[in-house]
């Protein structure tokens with residue numbers, strides 16, 4: 001018999017707990033203890049009943065006895081992972097079942113407790129699991145809010161260029177068209193490829209990435225198509241290639257412009273026929289793979305040099321995504337900084353609350369030749385070394401990134417401003433900030449540490465465009 005407790009709590013934000021135990025008195029004791037701590041509990045009087053509840057209802061946390069007749073705790077764990085993958089599972093075991101409890105941990109259980117059950121320890125473990133759940137939900141909500149306002153699956157930006165890119169991604173993700181992503185190193189090409197995959201019909205199938213520039217020319221065909229045992233020296237066993245591995249899913253070819261011509265010919269045939277042949281085999285294997293490619297090269301120029309096949313390029317770029325360098329969208333830097341601070345604070349368990357205005361201005365003013373990747377790495381380094389919960393210029397100095405204004409004086413007129421009226425000095429630096437941000441007034445205001453309305457007023461005052 002299933003006993004549902006605190007039915008009114010089901011519509012609230014309280015953590016819902018399923019207790020699976022064929023010993024009714026023990027289940028009642030667990031439920032009463034957790035209810036006093038504010039949890040909404042449901043008791044299932046045995047494994048079969050617990051499995052059914054998991055299939056038909058929603059739970060955040062499952063506390064299950066390990067040894068039960070018909071359906072044991074390990075089966076409950078497996079069922080929970082299949083039906084409620086975000087739920088946490090705590091296993092209760094006897095002292096003689098510790099080995100099995102450890103095996104449950106290896107299969108994804110949050111933790112295990114031993115009998116006789118210590119109520120304080122039970123609540124502590126449930127509280128910890130609940131906190132993990134709340135934090136995960138908060139991060140999902142935060143990501144959703146950022147995506148709704150500025151991004152798409154971690155592709156973040158509020159500049160016109162990135163908003164256009166995000167709109168395009170949302171349009172092509174539900175399809176299976178081949179996509180070519182172009183952009184400098186570090187602009188986030190693989191992140192875009194994953195965003196397309198995760199929001200398309202193949203999201204539950206494999207995503208496999210291969211960097212064509214990182215694989216020797218003599219091995220790239222084996223890497224892509226696999227090989228048979230004895231196909232070449234060192235091929236001591238049959239190997240499945242990335243096309244087979246990604247069958248039904250998505251294959252991401254990074255730096256596709258570095259692929260040898262001979263391999264390009266075979267790739268073109270795969271795109272035309274949907275069939276591959278392992279190296280050393282005459283048999284064909286059907287594959288169904290969505291292909292996304294990326295390059296930092298101008299492939300039209302490569303075609304002119306005879307280094308890339310024009311017919312292959314047409315097959316790869318049914319849709320093209322061009323990612324702008326970070327220096328051309330400086331207005332996105334504060335948003336990216338906020339995004340990375342939250343991400344890295346969670347990843348490294350560092351309670352960083354925010355960033356100083358001076359540090360934010362410095363970050364906006366940098367050139368970022370490594371683009372978003374370099375910015376992400378810089379924020380990660382700053383979060384790791386930070387000691388007061390607020391990122392500041394001293395943390396930025398620890399990254400060895402040269403700060404704005406530390407270079408030698410230039411001949412742009414700044415050295416001749418001494419003794420000039422304040423308005424002339426102000427106008428000069430507003431012009432320089434607008435140049436550095438390529439006319440982005442919001443980013444220029446951020447760099448100078450003034451409000452956006454003040455920037456607009458100054459632009460009007462000085463007759464700037």
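Numerical summary
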read-out	value
Cβ-derived FRET efficiency at R0 51 Å, residue 75 paired with residue 307, nearest 0.05	0.35
Simple spin-label estimate for residue 348 and residue 452 in nanometres, 7 Å along Cα-Cβ	3.0 nm
Viscosity 1.567 mPa s, temperature 4 °C, Stokes-Einstein D of the chain from Kirkwood C-alpha radius, µm²/s	48 µm²/s
Inter-label distance, nm, simple model (7 Å from Cα along the C-beta direction), residue 422/residue 28	8.0 nm
From the C-alpha gyration tensor of the stretch 288-405, square roots of 5λ in Å	37, 17, 11
Cβ crowding within 10 Å averaged over residues, with 188-200, 445-457 ranked highest first	188-200, 445-457
Relative contact order for the chain, counting Cα pairs under 8 Å that sit 6 or more residues apart, in percent	10 percent
Whole-Å semi-axes of the stretch 414-461's equivalent ellipsoid (Cα gyration tensor)	19, 12, 8
Residue-span extension gain [residue 119 to residue 98] - 0.36 nm each, minus C-alpha spacing	5.7 nm
Per-residue [θ]222 nm for the chain (sum of -39500 (n - 2.57) over DSSP H runs n ≥ 4, rounded to 500)	-13500 deg cm²/dmol
Ranking of 33, 218 by count of other Cβ atoms within 10 Å, fewest first	218, 33
Average Cα contact separation per residue, the stretch 3-140, under 8 Å, 6 or more apart, as relative contact order %	20 percent
Label-point separation in nm, residue 106 to residue 198, each point 7 Å along Cα→Cβ	3.0 nm
Neighbour-count ranking [beta-carbon atoms within 10 angstrom, fewest first] of 269, 237	237, 269
Projected area, mean over directions - the stretch 3-140, Cα convex hull, nm²	7.6 nm²
Gain on full stretching of the segment that runs from residue 161 to residue 397 - 0.36 nm per residue minus C-alpha separation	81.9 nm
With 5 Å bins from 0: P(r) over the stretch 153-324, alpha-carbon pairs, percent	2, 8, 17, 21, 20, 15, 9, 5, 2, 1, 0
FRET E, pair residue 235, residue 190, Förster distance 30 Å, beta-carbon r, rounded to 0.05	0.55
Sequence ranges 316-329, 63-76, ranked by mean other-Cβ count within 10 angstrom, highest first	63-76, 316-329
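Throughout, read-outs are computed from the coordinates displayed, never taken from laboratory work. All values derive from a computational prediction rather than experimental measurement. With ideal geometry, Cβ positions are generated from the backbone for all residues, glycine too; neighbour counts draw on all protein chains shown.
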